[in-house]
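These notes concern the structure reproduced below.
The values are calculated or read from the model by the stated rules, or taken from the named source; none is laboratory data. Since we're looking at a predicted model, the values are computed, not measured. Because the Cβ atoms are built from the backbone with ideal geometry, glycine has one as well, and the counts that use them run over all protein chains shown.
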Amino acid sequence: MSVDLVPLALLMGAVTYPFRALPLFAPTKDRLPRLVQRYLRLVGPAILAALAAGNAAFIEDAAGRNVFHLGIEWIAVVLAVVLIGWRGNVFVGIVAAVVLVAVGRGTIGA
Amino acid sequence: MIEQGASATGSSNEDLGAARRDLVLASLAFAVSGVGFGLVYGLAAREAGFSLIEATSMSVFVFAGAAQFAAVGLIADSAGWPSIVFLTALLNARHLLYSAALAPWLAGRSRLERAAMAHVLTDETFALSLAHFQRLGRTDVVGYWLAAGIDGLSWPIVTAVGVIAGQLIPNPAQLGLDVVFPAAMAGLAVTIATGRPEVAAAVAGAALAIVGGIVVGPAVSIVAGGLLAPIVGLLFERDGEPSR
C-alpha cells in the first residue's frame, strides 16, 4: 500500500498547526490591551457569520470554481437563525434547515 | 474542569447540564454531516489515487476538511506539493482567529493540554465551544473536549470507510446535509451576538464574506470578514460601554 503522500499530509499539518496553536500560547487575557480584548470578543460572531455566509452563498461549478449562488440554502439558513434565536436550540434549527433543503431539492430541484 | 468561578450549587449544575446537553446535540448534528462528507472525501481521495493510509493520514495530520478536499483535487490534477502546501496554509489561516478568540478562555490550562486542544481546533469545535463558554460565562473544558471528540474522532474513521466503501453511500448534498454547516454557524453566531457590537460584527462579517467572495473568492473573504468585521463592531460600542 502506497505511503508516498504521507509526507505531504505531514507538511500540510505542519503549516496548519501554528495557526491553531500560536495564539493559545500568547500572553494571557489580563496582559492584553483592553482594545485587543474587545476586538477578540467580536471575532467570534464575525467569523461565524462569515463562515455561514461564505458557505451558503457559493457553490462549486462543474469546473471546480466557487461561484455566487442564490438558492434554497439561503432560506434554510435564515430559518435556522430565526428558530435558534427564538427557541435557543441549535439542534432544532439545524434539523429544520436540513429538512427544508432536502424537501426543496426533492420537489423543486432548488 | 470548570473555571472562572463556577459554583457547585444546584442551579449552576442544572445550567451546566442543560448547556452540555445542547452542546452534545449540536455536535451530533455536525457529526452526522461530517460523516457524510468524510465518506465523500474518502471516495474522492481513492479516485484521485490515494491509498487508505494516505487518505487517512491526511485526516489525522491535517484535520481540516476544506484543505483536504482541495488537496485531493490538486493531486488529481498533478499539482506540485509546494502549491498544495501553500493553499493549505491559505485555507487554514482562519484558525488563527479561532485560536486567538479562544485563548482568553483556555489560558488557565496546561501547555500540554493547550497543545492538544490546538490540534483538534476546527470550525465546528470553535463555534460550539465559544458559544458554550459564553452561555455559561466561564470555561468548561469538558465541553470543549465533548465538541472536539464528537465532531473530530469520526473524521479519520469515516475517511477510511469512504476509501473502502464510499461508492455505496448517497451524495450528502441530496439529503440536505451540506446546509448543516452554514445553518449551524449562523445559528451559533446568533447565540453569541448578545449586543449591538456583536450584531454589527456578525452582519459585517457576513457582508464581507459575500462581497469579498465574489471579488477574490470565499477562502480569502471569510478570513477578511473575521479580521475586519470586529472593527465595525467596535464602532458600535457606546463610550465607556464595552460589549458584554
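Looking at B:Gly176, B:Gly137, B:Gly143, just one residue is over 14 Å from B:Gly38 (Cβ atoms) and within 11 Å of chain A (Cβ to nearest Cβ), and that residue is B:Gly176. Restricting attention to region A:73-82, the residues that are over 13 Å from B:Ala189 (Cα atoms) and surrounded by fewer than 22 Cβ atoms within 10 Å (Cβ to Cβ) add up to 3.
Residues in region A:33-71 that are among the β-branched types (Val, Ile, Thr) and farther than 10 Å from B:Ala201 by Cβ: A:Val36, A:Ile59, A:Val67. If you go through region B:75-86 one residue at a time, how many are more than 9 Å from chain A (Cβ to nearest Cβ) and buried (at least 17 other Cβ atoms within 10 Å of the Cβ)? Going through region B:75-86 one residue at a time, the tally reaches 0.
Residue under question is B:Val199, and the condition is that it be within 22 Å of B:Phe133 (Cα to Cα), more than 7 Å from chain A (Cβ to nearest Cβ) and buried (at least 16 other Cβ atoms within 10 Å of the Cβ); does it hold?
Working: within 22 Å of B:Phe133 (Cα to Cα): yes; more than 7 Å from chain A (Cβ to nearest Cβ): yes; buried (at least 16 other Cβ atoms within 10 Å of the Cβ): yes.
Yes; evaluated as a whole, the condition is true for this residue.
For region A:32-72, a residue qualifies if it is exposed (fewer than 12 other Cβ atoms within 10 Å of the Cβ) and among the aliphatic types (A, V, I, L, M), and the qualifying residues are A:Leu35, A:Ala62, A:Ala63, A:Leu70. Return the total of residues in region A:60-107 being touching a residue at least 24 places away in the same chain (Cβ under 8 Å) and more than 7 Å from chain B (Cβ to nearest Cβ). Result for region A:60-107: 5.
Does B:Ala127 satisfy being assigned by TED's automatic domain parsing to the domain that holds B:Val32, free of Cβ contacts under 8 Å to residues at least 40 places away in the same chain, among the hydrophobic types (A, V, I, L, M, F, W, C) and assigned to a helix (DSSP H, G or I)? Before the answer, list the steps.
On the way: assigned by TED's automatic domain parsing to the domain that holds B:Val32: yes; free of Cβ contacts under 8 Å to residues at least 40 places away in the same chain: no; among the hydrophobic types (A, V, I, L, M, F, W, C): yes; assigned to a helix (DSSP H, G or I): yes.
Answer is no for this residue.
Within region A:61-72, identify whether any single residue is closer than 22 Å to B:Gln68 by Cβ and within 18 Å of the chain's Cα centre (by Cα), and answer yes or no. Yes - at least one qualifying residue is present in region A:61-72.
Out of B:Asp15, B:Asp22, report the one residue that is more than 9 Å from every other protein chain (Cβ to nearest Cβ), closer than 21 Å to B:Ala147 by Cα and in contact with a Lys or Arg (Cβ under 9 Å, 6 or more places away or on another chain).
Details: B:Asp22 fails: more than 9 Å from every other protein chain (Cβ to nearest Cβ).
Criteria check complete, one pass: B:Asp15.
If you check B:Leu97 against the conditions, is it closer than 15 Å to A:Pro18 by Cα and buried (at least 24 other Cβ atoms within 10 Å of the Cβ)? Don't jump to the end; show me each part of the working.
Details: closer than 15 Å to A:Pro18 by Cα: yes; buried (at least 24 other Cβ atoms within 10 Å of the Cβ): yes.
In short, yes.
Once region B:21-30 is narrowed to residues that are of a type in the set (A, V, I, L, M) and crowded, with 22+ Cβ neighbours inside 10 Å, the residue that is farthest from B:Ile164 (Cα to Cα) is B:Leu23.
Being within 29 Å of A:Val36 (Cα to Cα), modelled with pLDDT of 90 or more and in a loop (DSSP other than H, G, I, E, B), is that true of even one residue in region B:79-91? No, region B:79-91 has no match at all.
Out of all the residues in region B:112-138, which are at pLDDT 95 or above and over 16 Å from the mean Cα position of the chain (by Cα)? Scanning region B:112-138 gives B:Leu112, B:Glu113, B:Arg114, B:Ala115.
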